Amino acid sequence: MNRRKSRETAMKLLFEMSINKEKYEDIIENFKENTDVDLKDLDMSYITKVLAGIHENGKDIDKNIEKYLIKWKLVRLSKMNLAILRISTYEILYEEEIPNRVSVNEGIELAKKYGEDSSPAFINGILAKMI
């Protein structure tokens, strides 16, 4: 099982949830039924834990993100950047076995792959202030 690939999948599913407004349980079931990805390569318990944790602690996570946004509002962020920030923030606040710098690094890597040109620096700035 690959944690990086699992984190990336969780981010994609979170992004999908923000667009489709579906429950995380339904998004996960739909993913399992319709994906071309080999599920043996993913840590589905981690993905479920992250999505459930973000669902349960969303207000606290968003409040933490907003604290470090300067001249920005949460609603102005791209859905992709918001998904990356939510996963990284969830890990920083609730996953003690994952070092904070790993969560920050992984957030930056996701931003490089899926965000706009300015996303990695933006994500890094928010998460670095957070930790």
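The values are calculated or read from the model by the stated rules, or taken from the named source; none is laboratory data. These figures come from a predicted structure and were not determined experimentally. Positions of Cβ are backbone-derived with ideal geometry, glycine not excepted, and every protein chain shown enters the neighbour counts. Heavy atoms of the whole protein, side chains included, go into the accessibility calculation; ligands, DNA and RNA do not. Shrake-Rupley method; radii C 1.70, N 1.55, O 1.52, S 1.80 Å.
Residues of the stretch 78-95 that are surrounded by fewer than 18 Cβ atoms within 10 Å (Cβ to Cβ) and either of a type outside the set (S, T, N, Q) or within 8 Å of the chain's Cα centre (by Cα) (or both): LYS79, LEU93, TYR94, GLU95.
Exactly one residue among LYS129, LYS71 is on the phi > 0 side of the Ramachandran plot, of a type in the set (Lys, Arg) and open to solvent by 60 Å² or more (accessible area, probe 1.4 Å), and that residue is LYS71. Residues in the stretch 114-124 that are in contact (Cβ under 8 Å) with a residue 12 or more places away in the chain and open to solvent by 10 Å² or more (accessible area, probe 1.4 Å): TYR114, GLY115, GLU116, PRO120, PHE122, ASN124. A count restricted to the stretch 1-26 and to residues that are among the acidic types (Asp, Glu) and within 14 Å of the chain's Cα centre (by Cα) stands at 2.
Filtered by the rule that a residue be under 15 Å from LYS79 (Cβ atoms) and open to solvent by 70 Å² or more (accessible area, probe 1.4 Å), the stretch 1-43 gives LYS12, ILE19, ASN20, LYS21, GLU22. Every test in (1) in contact with a helix residue (DSSP H, G or I) (Cβ under 7 Å, 6 or more places away or on another chain); (2) open to solvent by 50 Å² or more (accessible area, probe 1.4 Å) is passed by ALA111 save one, and that test is (2).
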